[in-house]
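This report concerns only the one structure given below.
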Amino acid sequence: MLVDKPSGPSSFALVRKLRNRTRARAGHAGTLDPFASGLLLILLGGSTRLARYLVGLDKRYLTEIDLTGRTSTGDLEGDVVEETTAPDPAELDARLQSLRGEIELRVPAWSAVKIGGERAYRLARRGVAVRMPVRRSTVHVLELLAYDGASAHLDLCVSSGTYVRAIADALGGHCRSLRRLEVGPFAVADADDSRVVAASEILPFLPAVEIGPDEASAIRAGRCIEACGEGQLRLLEKGQLVAVGRGASGIVRPETVMPA
């Protein structure tokens, strides 16, 4: 399901709501902070097996960054820990330029990253100071939409695992709002929590290969088949997703098999 998450509830709260409604196993393919809104991909039933192919997709956001201070959480829910001087337009442009392309950003202390086996945000909540790891990210697009001398509105497309709060901190501020517009080929404009997307449509970025019933039986049994295609492939029988396979030299081996 493509869900337009409102600001406030956690991602898991929406997963739990849909799990209760559908009575199916459910999970999301990339969390959103409670204060953030926008596109959340929620997988149901056997399709939860496909999450691994979705979590690594690029994501697009709109954000408003307050450049007059940093907060303890990197967003408007934290306490102000440092007042900063908002840059002039030329300086802001220089800061934005330095954050485009391949960059390294320190993971926010208020994040779900595990430090010594414990979630970082739980350590932060107890006041435990830790040295957070640095993560390499790719910022494909970082466009300034508006700037009033204090807050900057940005449109950005980033690689998976990029914390927009870390970008805000690198600019000298914190996120006042954050909205996820896209995850890979999926857009929040298409969100509809009354429509379940068929498993065969969940991975449109993988080439599709139609197979017959005998081949489908072999794949479900964990055996390789002869088929054309290289790399990861969607294996379909009569339009239904049988598995994601990996092809090489005319042979396809099953990688993730869907329930029959």
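The values are calculated or read from the model by the stated rules, or taken from the named source; none is laboratory data. Since this is a predicted model, take the numbers as computed values, not measurements. Here the Cβ positions follow ideal geometry from the backbone for every residue, glycine too, while neighbour counts run over all protein chains shown. Surface areas here come from the heavy atoms of the whole protein model, side chains and all, with no ligands, DNA or RNA. Shrake-Rupley method; radii C 1.70, N 1.55, O 1.52, S 1.80 Å.
When only Cα pairs under 8 Å and 6 or more residues apart are kept, what is the percent relative contact order across the chain?
RCO, the chain: 21 percent.
As a check on your grasp of the helix formula, calculate [θ] at 222 nm for the chain: sum -39500 (n - 2.57) over DSSP H runs of n ≥ 4, divide by the residue count, round to the nearest 500.
-4500 deg cm²/dmol
Quick one: 3J(HN,Hα) in Hz for segment 185-201, Karplus 6.51/-1.76/1.60 with θ = phi - 60°, rounded, Gly and Pro as x.
So the Karplus estimates, Gly and Pro as x, are x, 9, 10, 5, 4, 9, 4, 6, 7, 9, 10, 9, 6, 4, 4, 5, 9 Hz.
By a straight-distance test (C-alpha under 19 Å), which lysines pair with K59 as possible cross-link partners, with residues fewer than eight away in the same chain excluded?
Reachable lysines: K5.
Can you find, among A260, I167, V197, the residue sitting farthest towards the positive end of the charge dipole of segment 111-260, where Lys and Arg contribute +1 and Asp and Glu -1 at Cβ?
I167
Residues with beta-carbon under 12 Å from that of D214, excluding D214: net charge, scoring Lys, Arg +1 and Asp, Glu -1?
Result for the local shell: -1.
State the Cα centre-to-centre distance between segment 9-29 and segment 192-236 in whole Å.
Each part's Cα centre sits 25 Å from the other's.
Heavy atoms only, probe 1.4 Å: what % of the accessible area of the chain goes to carbon and sulfur, would you let me know?
Carbon-and-sulfur percentage of accessible area, whole number: 49.
What accessible area per residue, rounded to a whole number of Å², is obtained for segment 15-124 using a probe radius of 1.4 Å?
Roughly 50 Å² per residue, with all protein chains present.
For L241, what residues show an amide H to amide H distance below 5 Å, using hydrogens built from the backbone and excluding near sequence neighbours?
Long-range HN contacts for L241: S200.
Under the rule of at least 5 residues apart or a separate chain, name every residue whose amide H is placed under 5 Å from the amide H of I211.
L236, E237, K238
For segment 42-53, just list the computed ³J(HN,Hα) in residue order, Karplus coefficients 6.51, -1.76 and 1.60, θ = phi - 60°, integers in Hz, with x standing in for Gly and Pro.
10, 9, 10, x, x, 5, 4, 5, 8, 4, 4, 8
Please give the charge dipole size of segment 1-143, origin at the Cα centre, charges +1 on K and R Cβ atoms and -1 on D and E Cβ atoms. Round to the nearest 20 debye.
Using only the charged Cβ atoms, the result is roughly 1460 debye.
Provide the solvent-accessible area of S159, counting protein heavy atoms only and rolling a 1.4 Å probe, rounded to the nearest 10 Å².
Per-residue accessible area (S159): approximately 20 Å².
What's the magnitude of the charge dipole for segment 151-260 around its Cα centre, counting Lys and Arg as +1 and Asp and Glu as -1 at the beta-carbon? Answer in Debye, nearest 20.
The calculation lands at about 340 debye.
Quick query: amide H of A36 versus all other amide H atoms, modeled in the peptide plane; which residues come in under 5 Å with a sequence gap of 5 or more or a different chain?
Those lying under 5 Å, H to H, from A36 are G8.
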